[in-house]
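Visitor: Quick one: this structure, given as C-alpha cells, is what I'll be asking you about.
The values are calculated or read from the model by the stated rules, or taken from the named source; none is laboratory data. Predicted model only: the values in this text are computed from it and were never measured. No Cβ is skipped: glycine too gets one built from the backbone with ideal geometry, and neighbour counts run over all protein chains shown.
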Amino acid sequence: MKHDIKMNNGLKAYLYWPGIMGILLIVMNVICFIAHVSCGILVSIFVVLYFIMAFLLYRRYKKYIVRDLILFGSGYAQIQKQLLQEMLVPYAVVDETGRILWMNGEFERIVELDGKKHKYLSSVFDDITTDKLRFKEESNIYHSVFLNRNYQISVNRVTLSDIMDDLLDKDKENNKENNKVVMFAVYLFDETEELRYQREVEDEKLVAGLIYLDNYEEALDSIEDVRRSLLVALIDRKVNKYISSYDGVLKKIEKDKYFIVLKQRHLADMQKNHFSLLEDVKTVNIGNQMAVTLSIGLGAQGESYIRNYEYARTAIDMALGRGGDQAVLKAGENITYYGGKSHTLEKNTRVKARVKAHALRELIESKEKVIIMGHWISDVDCVGAAIGIYRAAKTSGKRANIVVNNVSSSVKPLMERFYSNPDYEEDLFINNEKALERMDANTLLVVVDTNRPSYTECPELLKKAQNIVVLDHHRQTRDVIDSAVLSYVEPYASSACEMVAEILQYYSEDLKIKAIDADAIYAGIVIDTNNFMNKTGVRTFEAAAFLRRNGADVTRVRKLFRDEMADYKAKAEAVKNAEVFESHYAISVCPSDTSDNPTVIGAQAANELLGIRGIKASFVLTEFNGQIYISARSIDEVNVQIIMERLGGGGHMSVAGAQLKDISIEEAKKKLKDTIIEMAAKKDI
C-alpha cells in the first residue's frame, strides 16, 4: 500500500522513544559543553552517532514492526472470532433491515430448530420488526416466543466508525461517511424456565375469600322447622365440596358466612366456569319455597396476606352492594364481576333501615348544615329523595339545601311547587357555586340516587366535604364514593324514594311530613317503578302506604307527570322508528331537538317498547350535550344492567343506562349491537 497506516497515539509514543532519548542526550551534551569544551565535543560525537544509528534502525525495522502488529491483530481477531463462535450465549450481527450478517453456533442452533434457513431476524422473532431496529436508543430489550420457548432479546446499536476509531487514528471528517453505517449486535437469553418458575410462584400465592349466604333467614323461614338443619347441612356440603375440589380450605365463621383460602392457580378454572357454585347452591331444595343464593368475594395479588383479606372484604361488599348472587374478584386494582343474573330478593326485615335511620340522625344532629346532592340531570326520584332528607334535616333543626343546576322538563312541575311555597326557603335549591361556598367542616353532605362520584351534580363537593352520606338503590361498580362515613346502598329497593320513605319512618317520632313532601317522594316511587309495574315489592307498597297516610295525593302526582305535546310526539317518534334486533331486542333513537330533556323521553320510550309482544329488552339512544345516552329496559328475561356495564354504565337488572362520549349515534348503535351479539354468544345475558 502506498498510503501509510496511521497508528494511534499509544503506539506512536512507543515507537518514537529513541527520539525522546535523543532529546535527553542533547540536553546532557549542552551541560557538558558548559562544564568543559573538550568533554562537550566528545559527547557530541556520540550523540550524532546515536541519532544516525536510531534513524537507520527505525527505517529498517518499522515495516517489520507494523507487519508483526498486523499478524498479532489478525491472530487476536481469530481467537476472538473463535471465542464468539463457541460462546454459549447466542450472538448475531444484523443490519438495519434485520438481515442476519453473522451468527455464532449457539444462535444458529436456536434459529434453525424449525429446520429452516432464516435470513432475517423478523422471520424468527415476529416482534423484532425493522421499525423497532430504527429506534434511536443504543440498547433495547424485547421479549418474544419461538417454538414454545420464551426469549429475551437484547439489541445493541453498533456504529462502524466506533470500531474504526479504536483501530485507526482518523479525524472526524474522514469518519463522516462511516457514521452512516449501522449494525446491531443481538443477544438471546432463554427465559422459559425463569418465567415458568415465576408463574409457579404466582400460582402458589394465597387467595383469600369470603362467602356469604344472601337470603339465609328467608330461606329457613320458608320451610318447616324440622328440615332447617338439613337445609343448612346441604348448603354446607355444597360449599365444602366446591372449595375442596380446588384444594382450598374452608372455615365457617358464622351461620351464614364462610372464610376460604386457596391457591391462585385455581382462579382461572373458577373464572372459566363462572363460579359454578353460584348456580349449584340454588339446586338445594328440600321443600323450601325460596332458592338459596350466595355471594363470593375474592382478594388476590396483594403484597401481603392481610392485603388479600382486605381485598376480599372489599369484593364481598361490592357483591352485596350489587344485589348478591354473584362473585367479585379484586386482584390488585382490577375488579371483575361474575353472575348477578338473577333478580335481587327483597329483604323482609327493616332492621337495616332502622339502624341506618338512627345513624343518619346522629350525623345530621352533629353538624350545623346539611347539603343534599343527587346525580346530574336530576330526575323525579332524585329530587323526591332529596326532599325527604331535607325534611329530616329540618326536623333536627338544621339548615338544609339541595344542589340542582339544570332543571329538566320532567322535574320542573315538581320543583315549581316549592319555589312559590312560603313554607320553604327561597334558597332551597342552590347551584354548584353556592354549594361550594357553604361547604365547611360543620356541613354534612348527603348524596342520593347515585353512588358514583362522576355522576353527581358537583364532584368537587365530594373532595371538599369531610362527612359524606350515600343513599342509593343502584348496583355498585368499581367507581364508587369510597369516603362515605355512612353508606346505605340497597339494590333490592325500587327507588331512592322508597329507601328515604323507610328511613323517615324510623328517623324521629317528632318528624311531620308535609303533603307536598309526601307528593314528591311518592312521585319518585311511581316514576322508578313505572306505575308500580317494575321492581315492586311488599316494602314498596308499604312505603307508598306510609306516604299516602302523610298526605300524598295520587291525583296531584298524576298531574305532575303529564307530558308536553312536543315531548309526547318525540316519544311516539322513538317508538315508531324502533328496530327489532335479533328478534328480541328493540333499538331506537329518540329525537333530541324537540325537548329540553330528551333523555327522560328516551327512558319513557324504552318503557313503552317493552309493551310489544316478543320484546325481551329495549334500548333507546339519545344524543344530548355532546354525549350519547342509552336507556335500557327489560322485564325479567334479560339482564340489561350487565349489558350497560360493558358500555361503561350500570343500573339494575331491568332498568339501566350508559353514557358514551366522542361517538356518533350510528357508532353507538353498532357498539350496542356488537355487545349484545358477543354477550349472547357467551350466554352472559
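Visitor: Just to be sure I understand, how many residues within region 363-373 are hydroxyl-bearing (Ser, Thr, Tyr) and not in a loop (DSSP other than H, G, I, E, B)?
Guide: Residues meeting the conditions: 0.
Visitor: For the list (1) under 29 Å from Ala493 (Cα atoms); (2) at pLDDT 90 or above; (3) exposed (fewer than 15 other Cβ atoms within 10 Å of the Cβ), I need the number of the one condition that Val470 fails.
Guide: (3)
Visitor: If you check every pair at least six apart or on different chains, which have Cβ atoms under 6 Å apart with a residue in region 211-226 that is in a loop (DSSP other than H, G, I, E, B) first and a residue that is surrounded by fewer than 16 Cβ atoms within 10 Å (Cβ to Cβ) and not polar (S, T, N, Q) second?
Guide: Here the result reads Ser222/Met290; Ile223/Gly287, each pair linking region 211-226 to a residue that is surrounded by fewer than 16 Cβ atoms within 10 Å (Cβ to Cβ) and not polar (S, T, N, Q).
Visitor: Do we find that Gly297 is modelled with pLDDT of 90 or more and either basic (Lys, Arg) or outside the structural domain of Asp479 (by TED's automatic domain parsing) (or both) in this structure?
Guide: On the way: modelled with pLDDT of 90 or more: yes; either basic (Lys, Arg) or outside the structural domain of Asp479 (by TED's automatic domain parsing) (or both): yes.
Spelling it out, Gly297 is indeed modelled with pLDDT of 90 or more and either basic (Lys, Arg) or outside the structural domain of Asp479 (by TED's automatic domain parsing) (or both).
Visitor: Tell me, please, whether a residue that is surrounded by 13 or more Cβ atoms within 10 Å (Cβ to Cβ), in contact (Cβ under 8 Å) with a residue 40 or more places away in the chain and under 17 Å from Ser144 (Cβ atoms) can be found in region 111-120.
Guide: no
Visitor: Here is a further query. State all residues of region 635-678 that are in contact with a Lys or Arg (Cβ under 7 Å, 6 or more places away or on another chain) and assigned to a helix (DSSP H, G or I); if no residue qualifies, say none.
Guide: Selection gives Val640, Gln641, Thr675.
Visitor: What's the total number of residues in region 289-315 that are in a loop (DSSP other than H, G, I, E, B), out of contact with any Lys or Arg (no Cβ under 8 Å at 6 or more places or on another chain) and over 19 Å from Asp482 (Cβ atoms)?
Guide: 4
Visitor: Say we look at region 390-400 and pick out the residues that are touching a residue at least 24 places away in the same chain (Cβ under 8 Å) and in contact with a strand residue (DSSP E or B) (Cβ under 7 Å, 6 or more places away or on another chain); which of these is nearest to Phe561 (Cα to Cα)?
Guide: Among residues in region 390-400 that are touching a residue at least 24 places away in the same chain (Cβ under 8 Å) and in contact with a strand residue (DSSP E or B) (Cβ under 7 Å, 6 or more places away or on another chain), the one nearest to Phe561 (Cα to Cα) is Tyr390.
Visitor: Tell me the helices (runs of 4 or more DSSP H) entirely within region 374-481 that contain at least 1 residues that are among the polar types (S, T, N, Q) and closer than 25 Å to Asp510 by Cα.
Guide: Working: elements: 380-395, 412-419, 432-438, 459-464.
Filter on region 374-481 gives 380-395.
The rows are residues; the columns are (1) within 26 Å of Phe561 (Cβ to Cβ); (2) in contact with a Lys or Arg (Cβ under 8 Å, 6 or more places away or on another chain); (3) modelled with pLDDT under 95.
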residue	(1), (2), (3)
Ile402	yes, no, no
Lys412	yes, no, yes
Glu416	yes, no, yes
Tyr419	yes, no, yes
Asp423	yes, yes, yes
Leu445	no, no, no
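Visitor: Kindly indicate whether any position in region 523-541 is of a type in the set (A, V, I, L, M, F, W, C), at pLDDT below 85 and farther than 20 Å from Ser664 by Cα.
Guide: Yes; the residues of region 523-541 include at least one that is of a type in the set (A, V, I, L, M, F, W, C), at pLDDT below 85 and farther than 20 Å from Ser664 by Cα.
Visitor: Which one of these does Gly339 not meet: (1) in contact with a His (Cβ under 8 Å, 6 or more places away or on another chain); (2) of a type outside the set (A, V, I, L, M); (3) within 18 Å of Ile525 (Cα to Cα)?
Guide: So the condition that Gly339 fails would be (3).
Visitor: Of the numbered conditions (1) touching a strand residue (DSSP E or B) at 6+ places or on another chain (Cβ under 8 Å); (2) farther than 29 Å from Leu230 by Cα; (3) buried (at least 18 other Cβ atoms within 10 Å of the Cβ), Glu310 satisfies every one except a single condition; which is it?
Guide: Every listed condition holds for Glu310 apart from (3).
Visitor: Check region 546-555 and report whether any residue there is more than 26 Å from Leu647 (Cα to Cα) and of a type in the set (Ser, Thr, Tyr). Show your work before the answer.
Guide: Keep residues of region 546-555 that are more than 26 Å from Leu647 (Cα to Cα), which gives 546-555.
This time we only want the ones that are of a type in the set (Ser, Thr, Tyr), so: 555.
Checking region 546-555: at least one residue is more than 26 Å from Leu647 (Cα to Cα) and of a type in the set (Ser, Thr, Tyr).
Visitor: Could you say which residue among Thr540, Thr555 is within 27 Å of Ala496 (Cβ to Cβ) and out of contact with any helix residue (DSSP H, G or I) (no Cβ under 7 Å at 6 or more places or on another chain)?
Guide: Sole residue among the options that is within 27 Å of Ala496 (Cβ to Cβ) and out of contact with any helix residue (DSSP H, G or I) (no Cβ under 7 Å at 6 or more places or on another chain): Thr555.
Visitor: Those residues that are among the polar types (S, T, N, Q), touching a residue at least 24 places away in the same chain (Cβ under 8 Å) and assigned to a loop (DSSP other than H, G, I, E, B), I need them from region 530-559; list them, please.
Guide: Asn530, Asn534, Thr536, Asn550
Visitor: Quickly run through region 589-603 and pick out the residues that are among the polar types (S, T, N, Q) and crowded, with 23+ Cβ neighbours inside 10 Å.
Guide: Residues satisfying the conditions are Ser595, Thr599.
Visitor: Then there's this: Would you call His358 assigned by TED's automatic domain parsing to the domain that holds Leu436 and either closer than 22 Å to Gln641 by Cα or under 25 Å from the mean Cα position of the chain (by Cα) (or both)?
Guide: Considered against the rule, which asks whether it is assigned by TED's automatic domain parsing to the domain that holds Leu436 and either closer than 22 Å to Gln641 by Cα or under 25 Å from the mean Cα position of the chain (by Cα) (or both), His358 comes out as no.
Visitor: Follow-up. Looking at (1) in contact with a helix residue (DSSP H, G or I) (Cβ under 8 Å, 6 or more places away or on another chain); (2) under 20 Å from Gln476 (Cα atoms), which is the only condition Asp317 fails?
Guide: So the condition that Asp317 fails would be (1).
Visitor: Sticking with this one: Can you name the number of the only condition in (1) farther than 19 Å from Asp379 by Cα; (2) at pLDDT below 90; (3) within 32 Å of the chain's Cα centre (by Cα) that Thr599 fails?
Guide: Here Thr599 clears every test but (1).
Visitor: Within region 552-564, is there a residue that is hydroxyl-bearing (Ser, Thr, Tyr) and farther than 26 Å from Val351 by Cα?
Guide: yes
Visitor: Evaluate the following for Gly611: is it buried (at least 21 other Cβ atoms within 10 Å of the Cβ) and either of a type outside the set (Val, Ile, Thr) or assigned to a loop (DSSP other than H, G, I, E, B) (or both)?
Guide: Against the criterion (buried (at least 21 other Cβ atoms within 10 Å of the Cβ) and either of a type outside the set (Val, Ile, Thr) or assigned to a loop (DSSP other than H, G, I, E, B) (or both)), Gly611 does not qualify.
Visitor: Here's a follow-up. Residues that are over 24 Å from Met415 (Cα atoms), polar (S, T, N, Q) and within 38 Å of the chain's Cα centre (by Cα): does region 534-546 have at least one? Please lay out each step first, then the result.
Guide: Within region 534-546, the subset over 24 Å from Met415 (Cα atoms) is 534-539, 541-542.
Subset that is polar (S, T, N, Q): 534, 536.
Now drop any that are not within 38 Å of the chain's Cα centre (by Cα), which leaves 534, 536.
Looking for residues that are over 24 Å from Met415 (Cα atoms), polar (S, T, N, Q) and within 38 Å of the chain's Cα centre (by Cα), one finds at least one in region 534-546, hence yes.
Visitor: Those residues that are assigned to a helix (DSSP H, G or I) and surrounded by fewer than 16 Cβ atoms within 10 Å (Cβ to Cβ), I need them from region 243-278; list them, please.
Guide: So in region 243-278, the residues assigned to a helix (DSSP H, G or I) come out as 243-244, 264-272, 277-278.
Listed by number, the residues that qualify are Ser244, Ala268, Asp269, Gln271, Lys272.
Visitor: With respect to Ser618, is the statement that it is without any contact (Cβ under 8 Å) to a residue 40 or more places away in the chain and in contact with a helix residue (DSSP H, G or I) (Cβ under 8 Å, 6 or more places away or on another chain) true?
Guide: It is false that Ser618 is without any contact (Cβ under 8 Å) to a residue 40 or more places away in the chain and in contact with a helix residue (DSSP H, G or I) (Cβ under 8 Å, 6 or more places away or on another chain).
Visitor: If I filter region 349-368 for residues that are farther than 20 Å from Ser487 by Cβ, in contact with an Asp or Glu (Cβ under 8 Å, 6 or more places away or on another chain) and at pLDDT below 90, do I get at least one hit?
Guide: no
Visitor: Please tell me if Asp203 is surrounded by 11 or more Cβ atoms within 10 Å (Cβ to Cβ), within 30 Å of Val281 (Cα to Cα), touching a helix residue (DSSP H, G or I) at 6+ places or on another chain (Cβ under 8 Å) and modelled with pLDDT of 85 or more.
Guide: So Asp203 fits the description; yes.
Visitor: Kindly establish whether Ile663 is more than 19 Å from Asn530 (Cα to Cα) and surrounded by 23 or more Cβ atoms within 10 Å (Cβ to Cβ). First the steps, then the outcome.
Guide: On the way: more than 19 Å from Asn530 (Cα to Cα): yes; surrounded by 23 or more Cβ atoms within 10 Å (Cβ to Cβ): no.
So Ile663 does not fit the description; no.
Visitor: While we're here: In this structure, is Ala233 assigned to a loop (DSSP other than H, G, I, E, B) and of a type in the set (Gly, Ala, Ser)?
Guide: Details: assigned to a loop (DSSP other than H, G, I, E, B): no; of a type in the set (Gly, Ala, Ser): yes.
Criteria not met by Ala233.
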